[in-house]
Amino acid sequence: MKTAIMWFKTDLRLADNETFAQAIASSDQVIPVYVWDERLFEKTPYGTLKTGIFRKRFLVESLIDLDKRLRSKGSGLMLLKGSPEIEIPKLAQAYHVQKVFAKREVAFEEKQTAPAVEKALWKVGCELEIYSTSTLFRADDLPFSIKQIPEVFTAFRTKVEKDSFVRELIAEPEVVVSPTIPKVNWELPEIMRDNRAVLLFEGGETAALSRLNDYLFVSKSVASYKQTRNELIGPDYSSKFSVWLAQGCLSPKTIYHEVRRFEELHGANDSTYWLIFELIWRDFFRFLFKKHNERFFYLKGIKSAYPNQIIHNEQLLETWKKGETGNDFIDANMKELNATGFMSNRGRQLTASYFCYELQLDWRLGAAYFEEQLIDYDVSSNWGNWAYIAGVGNDPRGGRALDIEKQTQQYDKNATYRKLWLETSN
Ligand SMILES: Cc1cc2nc3c(=O)[nH]c(=O)nc-3n(C[C@H](O)[C@H](O)[C@H](O)COP(=O)(O)OP(=O)(O)OC[C@H]3O[C@@H](n4cnc5c(N)ncnc54)[C@H](O)[C@@H]3O)c2cc1C
């Protein structure tokens with residue numbers, strides 16, 4: 001009997017999951033596994049945590065949901081605790097597994113694990129097969145090699161829009177044949193819910209698909225996305241898909257095909273296009289990470305010169321983190337982040353710009369703080385956007401300070417947002 005392991009990582013879904021579909025197609029039975037690796041919760045060299053409490057909770061919710069969905073297909077999610085390079089080969093040996101199927105990771109640190117697992121698997125006569133499943137466009141469908149990816153977004157976007165395509169969806173399996181998978185007593189970390197939060201984020205594919213349906217077909221907010229995307233309050237000014245995309249509870253291809261379906265039913269406009277345009281930004285940063293690897297974590301990023309005027313000042317750093325800088329707009333955004341694990345795109349642009357140009361701190365400390373706090377933390381989108389703003393990434397115009405006063409007037413004219421976060425409490 002052919003037995004495979006499906007090693008779930010940041011692809012916690014059944015729908016449009018090529019890795020899982022391949023694991024099922026090539027074997028008689030599959031063991032779906034998640035490895036809870038404590039290294040994911042350690043401190044970073046910047047003194048911040050790799051994963052804060054909001055994302056930890058969201059991750060556990062996503063695992064519970066995946067387990068439920070798998071059980072409804074006759075299987076379940078096996079939970080292993082430890083490091084994948086030890087636990088996966090142990091499991092492979094115990095069940096005489098021939099192949100392990102997993103998702104390819106893009107960022108430097110995450111990429112170290114797969115070769116270590118592969119090496120350990122070889123020793124027990126087992127192979128590792130990996131698939132790239134987190135982008136809208138597939139790397140091998142791009143009109144250029146990874147090495148030749150344009151460094152400027154517009155060049156990247158126009159080329160992929162013209163010369164590439166988005167593949168069809170991969171169907172969710174109807175039945176999953178597995179050996180008996182023991183039930184897990186999941187421990188859900190406690191969090192404080194803030195009633196000012198934009199949305200009550202719940203992890204898992206079920207919640208992701210429900211949000212996709214709500215945003216597109218119930219509130220139909222996608223039809224006005226381009227006009228509302230820079231707002232700050234409430235569930236529907238933007239899609240909020242990022243939290244589910246980050247854990248892979250939802251694939252960007254699923255969003256793409258659902259937006260196309262929306263367009264067929266209700267008509268296409270600037271807004272429906274713009275949502276896909278933003279997903280192309282996400283792909284852009286992911287492919288750039290494949291190209292430049294660990295350089296995105298350097299102070300000088302992908303450039304040859306260091307950013308100007310970097311100072312070290314713990315106190316300034318703390319005031320920014322806590323939302324006590326004295327700039328109301330910045331403070332309101334940081335308070336929202338700390339209380340909910342989310343911040344709007346406008347807020348992220350401005351708090352990062354303030355960090356780099358007003359406080360003149362090492363941008364990596366800001367990026368590391370976002371890494372800890374954001375539910376939707378995604379290594380490429382976070383470090384890529386921070387490097388961009390700091391002037392050491394892919395902004396062709398170099399480092400540019402945003403005009404915070406002007407944008408505060410533009411996006412929070414009546415101070416509604418500032419009042420919400422500075423003058424009211426949970
Ligand atoms: C300093 C900084 C840090 C960021 N860190 C992250 C991060 O860790 N994780 C993350 O997913 N996004 C990050 N972003 C990008 C963006 O702010 C969020 O994706 C967006 O605010 C999430 O809300 P939404 O899903 O409602 O977005 P929407 O406006 O509805 O956009 C739809 C989707 O497009 C993608 N997208 C939108 N804007 C960007 C962008 N600038 N870069 C890459 N993808 C984008 C996201 O996947 C998003 O879910 C960061 C931006 C900045 C400026």
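Tell me, yes or no, whether segment 325-341 has at least one residue that is of a type in the set (A, V, I, L, M, F, W, C), without any contact (Cβ under 8 Å) to a residue 24 or more places away in the chain and open to solvent by less than 20 Å² (accessible area, probe 1.4 Å).
yes
Being under 25 Å from R193 (Cα atoms), open to solvent by 10 Å² or more (accessible area, probe 1.4 Å) and not polar (S, T, N, Q) is the filter; apply it to segment 343-361 and report the residue that is farthest from the ligand (Cβ to nearest atom).
Filtering segment 343-361 for residues that are under 25 Å from R193 (Cα atoms), open to solvent by 10 Å² or more (accessible area, probe 1.4 Å) and not polar (S, T, N, Q), the one farthest from the ligand (Cβ to nearest atom) comes out as R346.
Answer with yes or no whether S164 is away from the ligand (no atom under 14 Å from the Cβ), surrounded by 14 or more Cβ atoms within 10 Å (Cβ to Cβ) and without any contact (Cβ under 8 Å) to a residue 40 or more places away in the chain.
Criteria met by S164.
With the structure loaded, tell me whether F101 is touching an Asp or Glu at 6+ places or on another chain (Cβ under 7 Å) and modelled with pLDDT under 95 or whether it fails that test.
So F101 does not fit the description; no.
Suppose we keep only residues that are part of a loop (DSSP other than H, G, I, E, B) and either more than 24 Å from R13 (Cα to Cα) or at pLDDT below 95 (or both) within segment 225-247. Which one would you say is farthest from the ligand (Cβ to nearest atom)?
I233
What number of residues within segment 357-379 satisfy the criterion of being farther than 19 Å from P45 by Cβ and hydroxyl-bearing (S, T, Y)?
Counting residues in segment 357-379 that are farther than 19 Å from P45 by Cβ and hydroxyl-bearing (S, T, Y) gives 1.
In segment 248-275, which residue that is over 13 Å from the mean Cα position of the chain (by Cα) and closer than 22 Å to E105 by Cα is nearest to the ligand (Cβ to nearest atom)?
I255
The values are calculated or read from the model by the stated rules, or taken from the named source; none is laboratory data. Note that the structure is predicted; figures quoted are calculated from it, not measured. All Cβ positions, even for glycine, are placed from backbone atoms using ideal geometry, and neighbour counts span all protein chains on display. To get the accessible areas, we keep the full protein, side chains included, count just its heavy atoms, and leave off ligands, DNA and RNA. Shrake-Rupley method; radii C 1.70, N 1.55, O 1.52, S 1.80 Å.
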